[in-house]
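Student: Pasting a structure here, questions to come.
The values are calculated or read from the model by the stated rules, or taken from the named source; none is laboratory data. This one's a predicted model, so the numbers in the text were calculated from it and none came from an experiment. Cβ placement follows ideal geometry from the backbone for every residue including glycine, while neighbour counts extend to all protein chains displayed. All accessible areas refer to the heavy atoms of the entire protein, side chains included, with ligands and DNA or RNA removed. Shrake-Rupley method; radii C 1.70, N 1.55, O 1.52, S 1.80 Å.
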Amino acid sequence: MRRRPPPPTDDLTKRFGTVCPVCGSSLGVDEPEIDEESDRFVRPPSFRLEVGAADKQNQHRHPWRVTMLAGNFPPAESTGPRFNPHDVEFVYLLCGDGHVFPDETPAFRAGAHRGGDARQRVDDFNMVAAVGSPASGKTYLLIRTLSQNLDILTHTDDDDDVGRIRSRELSPLEALPTANRVEHFNETRYSGTAIAPTSTGNASYPSGIMEEEFPDALHAIQALIEKTVLDGRRRAEDWGTGFRQPLVLRTDSDDHRTWTGVADLPGELFMPNAVNRREAGKLSAFDALVWVVDPAVAPRAMDWIAVDPGTDEQAQLDGSLRPGTSGPAGTDVVRINREQIQDTIGRRITVIDGPFARNEGRALQMLVAVSKCDLIHAALSKSGLHLTDLGTPGQVQRGAARYLSFALNRWMKELAGADPDAARLFGYLRGSANAAASGRRLRIEQVARGLLDHYSQEAEFWKLLHWGTDSHIKIQATSNAELPQQIRVPTLDEHLDSARRPGSAGEFLIRDLVMSTVGCGIAYALNQETALLRMQQEPWIELRFFLCSPLTTVPVAVDNLHLKPLDPRDRFPPVDDRAAGLTQLLLALLERARR
């Protein structure tokens, strides 16, 4: 095999590093080890893919050129349409397993910006995995979350805001997974067509994306791999199938550029008989995990879900479980099977040598998103439900109190800071230096009970998770160890403003603290008490909860493919319609991007 000359003066290593953040394969000019016996690379190297403007005379197909960034092999390029090196719109960097990164974007430097530096760079990678049981609402939740706006809508100050997080335009190939999901979400809005299950097939992987967009370029890459890599034929067939292409956000904050990739993973991946265990094995190196918990499959859900008397019960349940999935097996069987997957995910999060547990010195952000909160909102408004009715007696109260205890403990050990309002609440819960532990427990129980009482009012519950308006909470004292408390939960804009303070990343902000306390209580009631208690005992887990309703209204199944709002006056929201729980979740996802 011909050796590559010294690396070019290109600054790929400075701009992207040498290791793919998604799968750990070679990235850029990192040359893989060579097997001495065969004189071949032991693993596939990285590739550069250059794409030209669409050819109107050739069915609007794009010309392309592929260059292997190791060895000294001539590039492969399209002939129909013919590739022109002087007419390139986008240049992509493909890791050794095909994950797409933006190398250069000349198309963004047209017109008045022509001649500017089109090279992209990444100062920090931020990898996030999203898991949930089948039909947990995960894909709806992710696409709505990634479409949220972090700007302060009521901001009237024209001064520059260095803490602002600004999104960068994605190049077409890296934007494709997100664009496809947005299109499917819009189909739900316009025609009621439900989003299909998260694919376990090839379409979500780099090889499937390349097969769809640039099949000839894919075959050229496979031919180069077969010729230059040890066990080349198998490696060529497997290229781009190891880990799916994430949903990407590229952001700037104070000139610091962060690439965030969110892997939308099917719940079946975590079952004992999963096909692609190698994919699950990559998760221990990720920065954050979004665990989507589905209220509709919880064991006691049928005790509190408010079934509309004018609607077929099966159709209403299928609307939350996914149209057409219950079939002849019946709703109960479907719910039990999905509950098993949800419980398995919870158990495996902290098990030693599981897909997530690690002890490398850097904490894992565990973001628990309780989805389909429209079901809980409907129950609060229609049946007079109290939040403590969701689980077994004492379960919701226990979960809320344990989260307050967990957060207080981290604050007292200086593992996390707090904004002024959260710090004031922590100070009350802690008490004086010589306060008895029993008094502290009573104050924690008092605040947990007061928050649950307040947010059992359906209007206040919806203000917290959806509207993002402020709330004033009054909590009475019931023992000598307690004092009456007043907590103001700020508006979403005030929350975003607090998050822009330098050093606020990783702090407990009062709006997050209140939502997490209520959310933890609800998640306990959804049969996750044991798993969450284990997480609260792990020092390497930073745990937060988010109450979310991606569709904002209870859906009902029309047939085996379509949904509609249960309330005929309602509409499914635009994908970027602001919702407090989703916006707070996005801010947490981008914690590494905040400066």
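Student: Among GLY506, TYR403, TYR190, which residue has its Cα positioned farthest towards the positive end of the charge dipole of the chain, with +1 placed on the Cβ of Lys and Arg, -1 on the Cβ of Asp and Glu, and the dipole taken about the Cα centre?
Tutor: It is TYR403.
Student: Assuming 0.692 mPa s and 37 °C, estimate D for region 494-595 with Stokes-Einstein, Rh taken as the Kirkwood radius over Cα pairs, in µm²/s.
Tutor: On the way: Rh = 16.1 Å.
D, rounded to a whole number, is 204 µm²/s.
Student: Still on this structure: Using Cα centres only, tell me the gap between region 528-595 and region 69-107 in whole Å.
Tutor: The two parts, judged by their Cα centres, are 38 Å apart.
Student: Which residues in region 551-595 place their backbone N less than 19 Å from a point set 7 Å from the Cα of LEU153 along the Cα-to-Cβ direction?
Tutor: Correct set: 551-553, 570-588.
Student: Cα convex hull of the chain: mean projected area in nm², to one decimal? Provide the component values of the computation, followed by the final result.
Tutor: On the way: hull surface 120.5 nm².
Quarter of the Cα hull surface area: 30.1 nm².
Student: Once both labels are modelled 7 Å past Cα along the beta-carbon direction, what's the THR478-GLU211 spacing in nm?
Tutor: 6.0 nm
Student: What fraction of the DSSP beta bridges in the chain is antiparallel, stated in percent and rounded to the nearest 5?
Tutor: If I count the DSSP bridges inside the chain, around 60 percent turn out antiparallel.
Student: Hey, another quick one. Of GLY24, VAL91, VAL42, whose Cα points farthest to the positive end of the dipole of region 9-94 (charges on the beta-carbon: +1 Lys, Arg; -1 Asp, Glu; origin at the Cα centre)?
Tutor: In region 9-94, that residue is VAL91.
Student: Please report, in debye to the nearest 20, how large the charge dipole of region 399-524 is about its Cα centre when each Lys and Arg carries +1 at its beta carbon and each Asp and Glu carries -1 there.
Tutor: 480 debye
Student: Shifting gears a bit: Could you work out how much longer the chain between ALA433 and MET412 gets when fully extended? Use 0.36 nm per residue separation minus the Cα distance between them, nm to one decimal.
Tutor: Separation in residues times 0.36 nm, less the Cα-Cα distance, equals 6.4 nm.
Student: Still on this structure: Cross-link candidates for LYS282: which lysines have Cα within less than 25 Å, leaving aside residues fewer than 8 places away along the same chain?
Tutor: LYS14, LYS138
Student: Per DSSP helix of 4 or more residues, -39500 (n - 2.57); summed, then divided by the residues of the chain. What does that give at 222 nm, rounded to the nearest 500?
Tutor: -10000 deg cm²/dmol
Student: Would you mind listing how long region 413-480 runs along its three principal axes, going by Cα atoms, in whole Å with the largest first?
Tutor: The Cα atoms of region 413-480 stretch 41, 29, 15 Å along their principal axes.
Student: Let me ask something else. Using the Kirkwood radius over C-alpha pairs as Rh, can you work out the diffusion coefficient of region 540-587 via Stokes-Einstein at 10 °C, viscosity 1.306 mPa s, in µm² per second?
Tutor: In µm²/s, the coefficient is 124.
Student: Note down the magnitude of the dipole of the chain about its Cα centre, charges +1 on Lys and Arg C-beta and -1 on Asp and Glu C-beta and zero elsewhere, to the nearest 20 debye.
Tutor: Values: 68 positive and 81 negative charges, 209 e Å.
Dipole of the chain, to the nearest 20 debye: 1000 debye.
Student: What nm value, rounded to one decimal, do you get for the distance between THR469 and ARG233 when each label is placed 7 Å out toward the C-beta?
Tutor: 6.9 nm
Student: Roughly speaking, to the nearest percent, how much of the chain's 1.4 Å accessible area is carbon and sulfur?
Tutor: Details: 11940 of 25130 Å².
The value for the chain is 47 percent carbon and sulfur by accessible area.
Student: Considering the dipole of the chain built from charges on the beta carbon (Lys and Arg +1, Asp and Glu -1) around the Cα centre, which of ILE143, THR583, PRO177 is farthest to its positive end?
Tutor: About the Cα centre, the residue reaching furthest to the positive side is THR583.
Student: Give the accessible surface of the chain per residue, rounded to a whole number of Å², with probe radius 1.4 Å and ligands, DNA and RNA excluded.
Tutor: Heavy-atom accessible area per residue stands at 42 Å².
Student: Of the chain, which part is the longest with no GluC sites (Glu not before Pro) in a loop (DSSP not H, G, I, E, B) and with at most 12 other C-beta atoms within 10 angstrom? It would help to have the intermediate numbers written out before the result.
Tutor: Numbers: sites that count: GLU33, GLU36, GLU37, GLU169, GLU360, GLU414.
Counting at most 12 other Cβ atoms within 10 Å as exposed, the longest clean stretch of the chain is 170-359.
Student: For region 439-508, take the alpha-carbon Rg, divide it by the Kirkwood Rh, and send me Rg/Rh.
Tutor: Expressed as Rg/Rh, it is 1.05.
Student: Subtracting the Cα-Cα distance from 0.36 nm times the residue separation, let me have the gained length for THR530 to GLU187 in nm, one decimal.
Tutor: On the way: separation 343, 0.36 × 343 = 123.48 nm, distance 3.82 nm.
Taking 0.36 nm per residue and subtracting the Cα distance, the gain is 119.7 nm.
Student: Still on this structure, I have one more. Measure nothing fancy, just the Cα-based angle from helix 420-430's long axis to the longest principal axis of the chain, in degrees from 0 to 90, nearest 10.
Tutor: 50 degrees
Student: Can I ask one more? Given q = 0.24 Å⁻¹, what are the Debye log10 I(q)/I(0) values for region 361-411, with equal point scatterers placed on the Cα positions and solvent ignored?
Tutor: At q = 0.24 Å⁻¹ the computed log10 ratios are -1.04.
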